[in-house]
Amino acid sequence: MSTDSFDPTDAHFETLAIRAQAPVSPEREHSVPLYLTSSFRFDDAEHARALFSEEVAGNIYSRYANPNTDEFVRKLCLLEGGEDGIATSSGMSAVFCAIAARVSSGDHVLASRALFGSTHQLFTRILPKWGVTSDYADVGDPASWERLIRPETKLIFIETPSNPGLELIDLEWLGALAQSRGIPLVVDNCFATPYLQRPLALGASVVIHSATKYMDGQGRALGGAIVGTREYIADCRFFARHTGPAMSAFNAWLLSKSIETLAVRMDRHCSNALAIAKHFEGHPALESVRYPFLASHPHHELAKRQMSQGGGIVVLVLKGGLEAGRRFLDRVQMVSHSANLGDTRTIVTHPASTTHSKLTPAERAAVAISDGLIRVSVGLEHVADIIADLEQALGTP
């Protein structure tokens, strides 16, 4: 942390996000500088030996660590309540690293059925090549989780809220089950961020982030992070060090600065999203509206219990299926049509034809991704302007 006298012990989230910084140099800079270097010099032969044997801490090579990535990780550990963490080049590299670092041929992973499309491909097409199997459990069937755990199950992986269907999983219940079986629970916390939800405090062992999303918040930089127990992160650090999914110093610097405004941005994302969800619920062009803090959401009470706010994603399910979805996307004017989310700009995405297009129709149906589903990543524009554009795009049903 900073060499200033700031003590993070009792500080609030917003203060930690701003004041948890890397040690300042003799120049006494107020904003942490960029460390754009691939390697670092050693004091002498003994210093180099001690660094490589991990007898002393320090920087060797920016693929291993860098003052900028160190600051980003330390900040996330404080915000999530984790013991240790690593930064990676993207959200999916974090997902892969967190799994691959802990499984071997013959091992089994249990996952929630509702997953991001690339994570689904990882479980169904990539890990099986190395003899790692997986099963999906259903949110609505708690007994299926216990039934699917095997002696060779090495981790449980979930998203909550899920992408894009906004399904929620009871973290306290699943965390207790995982702990009773001695299995690490890994939670993708991308949609909620540590500002809205802290899975580690509810029983998870590890939290994963696509920092590309709300951590950056402005659609500029790719990045990922894994935060959790020292033991688990030690395996992830070894794996990442020798396979190379390193975050760049520039991206780490950018993301760490962006986290300083995470709380302010998430408050606005959430207030805008709730207003939009309430406005469009019951709209004649829509089959349904999904948002965790709407009373109509099937997991509304759970959302209120384990999240402080409902997040920045709203799901609109259009009547008319695929054609209605295409018509809507072609009509938006101010709102962006993109595959990203968590931006200052409101973004609409059609998962069935983009992010989840590699799933079969049956697989999409199993996680409630219909042809008319539109994921709305609600931005920071004035909410009246967002509503106006979505209204005109929906048109007359």
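The values are calculated or read from the model by the stated rules, or taken from the named source; none is laboratory data. All values derive from a computational prediction rather than experimental measurement. Positions of Cβ are generated from backbone atoms using ideal geometry, with glycine treated the same way; all protein chains shown enter the neighbour counts.
Some notes on this structure:
- Verdict on ARG241 being out of contact with any helix residue (DSSP H, G or I) (no Cβ under 9 Å at 6 or more places or on another chain) and farther than 20 Å from HIS382 by Cα: yes
- Residues within the stretch 243-267 that are assigned to a helix (DSSP H, G or I) and farther than 15 Å from ARG102 by Cβ, tallied: 17
- Residue tally, condition under 20 Å from the mean Cα position of the chain (by Cα) and among the charged types (D, E, K, R), over the stretch 266-299: 3
- Test: residue in the stretch 101-108 that is in contact with a Gly (Cβ under 7 Å, 6 or more places away or on another chain) and surrounded by fewer than 22 Cβ atoms within 10 Å (Cβ to Cβ): yes
- Conditions (1) outside any loop (DSSP other than H, G, I, E, B); (2) within 21 Å of the chain's Cα centre (by Cα); (3) at pLDDT 95 or above; number of the one not met by ALA352: (3)
- The lone exception for LEU168 - which of (1) more than 15 Å from the chain's Cα centre (by Cα); (2) under 21 Å from HIS356 (Cα atoms); (3) in a loop (DSSP other than H, G, I, E, B) it fails: (1)
- Whenever a residue of the stretch 363-383 is of a type in the set (Ser, Thr, Tyr), its partners that are part of a loop (DSSP other than H, G, I, E, B), lying with C-beta atoms within less than 8 angstrom and at least six residues away or across chains, give the pairs SER377/GLY312; SER377/ASN340; SER377/LEU341; SER377/GLY342; SER377/ASP343; SER377/THR346.
- Residue within the stretch 38-61 that is under 28 Å from TYR195 (Cα atoms) and either outside any helix (DSSP H, G or I) or within 26 Å of the chain's Cα centre (by Cα) (or both) present: no
- Only one of LYS304, LYS358 that is closer than 25 Å to ASN272 by Cβ and either surrounded by fewer than 21 Cβ atoms within 10 Å (Cβ to Cβ) or modelled with pLDDT of 90 or more (or both): LYS304
- From the options LEU110, LEU78, residue that is under 16 Å from HIS209 (Cα atoms) and either modelled with pLDDT of 95 or more or in contact with a helix residue (DSSP H, G or I) (Cβ under 7 Å, 6 or more places away or on another chain) (or both): LEU78
- Applying the condition of being among the small types (Gly, Ala, Ser) and exposed (fewer than 13 other Cβ atoms within 10 Å of the Cβ) to the stretch 52-71 and asking which residue is farthest from SER31 (Cα to Cα) yields SER53.
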